[in-house]
Structure formats: C-alpha cells, structure tokens
Amino acid sequence: MNDGNPPAPPQEPDASASPLSGRRVLLAVTGGIAAYKAASLASALVKAGTELRVVMTESAQRFIGPTTFASLSGRPVITSIWQTDDRPDAQHVAVARDADLMVIAPATANTLAKIAAGLCDDPVSLAASALPAGTPLVIAPAMNADMWANPINQRNLKTLREYLPGLSMVDPESGWQACRTEGRGRMAEPETILLHVTERLSQA
C-alpha cells in the first residue's frame, strides 16, 4: 500500500557481512584479451570487502591500463619487478606473503608455462613463485581453443596440479573467441571466479 511517501532507495550490500570482508586478495592479470574482464572481477572483489592488490604483466598493460586497477583497488598496481611503492623490499615477495589468496585471471598459456617451469621474469610469475605453500592459488585460464587443447599446455596444467597442492582451476568456457571461432578457452565469467574465490577462502 502506498502511503504517499517516496519509496526507500535500494540498500547497498553490506561488505562487512561478506565472507570476503577483510580478506587480502592478490589479483594477477596477464596479457590476454580477457584482461578487460579482470576489471569487473576487481570491482566485485572490492565490493565484497576484500583488501585487493593487483599485479600485472607488461603484456596485460597492452589490453588494459594499471590506472583502472589502481582506481578500483585504491592501491598502487605492481607492474615491474623493480617496483618499490610502499616498502623498500621486493614488492612481489611482500604481496605474496601478505595475501590470503592469489588469483590469476586471465592466466595465459605463456604464464602457465612459466609457472610450471619455475621461470620468474615478470611480476606475476615472481609473485606466484613467492606464494607461501599454504596460500590458495586460483587460476582462470584464457586462450584460443587450439592453444587450450595443445598437448604441451595440457602437460603444463598437469604439472601445476601435481606440484601445487593449493591450486584450483576455474575451467575456461566454450563460446565465441577473439580469434573469431567457437571453442573452449574463454575465461570464466567474473561472477563464476568470484564464487570460486569465496568458496576457497571460506575453506581456508
């Protein structure tokens, strides 16, 4: 029944009631066209109450700028292995140690290969290598369907699953890809990744 008063404005979700409230999440963005989706994921993580830090590869910055993630997270974005924004020690080690969870989204075939081989020549692979053994690592692969099916890529995925017990995968989806073909390899939607991150942190 309308009593003549204007309807109350919709209530903003209470971030403090979220299971992610106060949790420290490290979002790593690598160089795939799906990098634009990472901005939506970053926004959702902040709205859920996380203390978000973002680390990007040089290739990722060709798709989306660090200013976007700095604005969303309210913190400096790590884009260089030599960066020292808020502390004099190695930033990639500091953010890895501080994180309750690390999520790589999108995770390119190149980044997966680097981590599987122990190569550490960019901020994302360095942070992943410095992640303490008990810290959950969530990977959301994104690549062309043929790259996803490539036996070498599948071998790298098998290596990661075998040697990183804290790892979990948000499998890519099938659909239209940037290469203008249909197939499996599209990064999962930000909402799906957020749900997975929430589940992992609820178990931690």
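Every number in this text was worked out from the coordinates using simple rules, so none of it is lab data. Please read these numbers as outputs of a predicted model, since none were measured by experiment. So basically every Cβ, Gly included, is an ideal-geometry build from the backbone, and we count neighbours across all protein chains shown.
For the peptides 22-31, 46-55, the ranking by mean Cβ contacts within 10 Å, running from highest to lowest, is 22-31, 46-55. In terms of its C-alpha gyration tensor, segment 22-203 comes out rounded, because the ratio a/c of the largest to the smallest axis stays below 1.5. Summing +1 for each Lys or Arg and -1 for each Asp or Glu among the other residues whose beta-carbon sits under 11 angstrom from that of SER40 gives 0. If we count every other residue with Cβ under 15 angstrom of VAL29's Cβ, Lys/Arg +1 and Asp/Glu -1, where does the sum land? Within the 15 Å Cβ shell, the charges total +3.
Going through segment 109-191, which trypsin sites (Lys or Arg not before Pro) have at most 15 other Cβ atoms within 10 Å and a DSSP loop state? Here the sparse-neighbourhood loop sites are ARG180.
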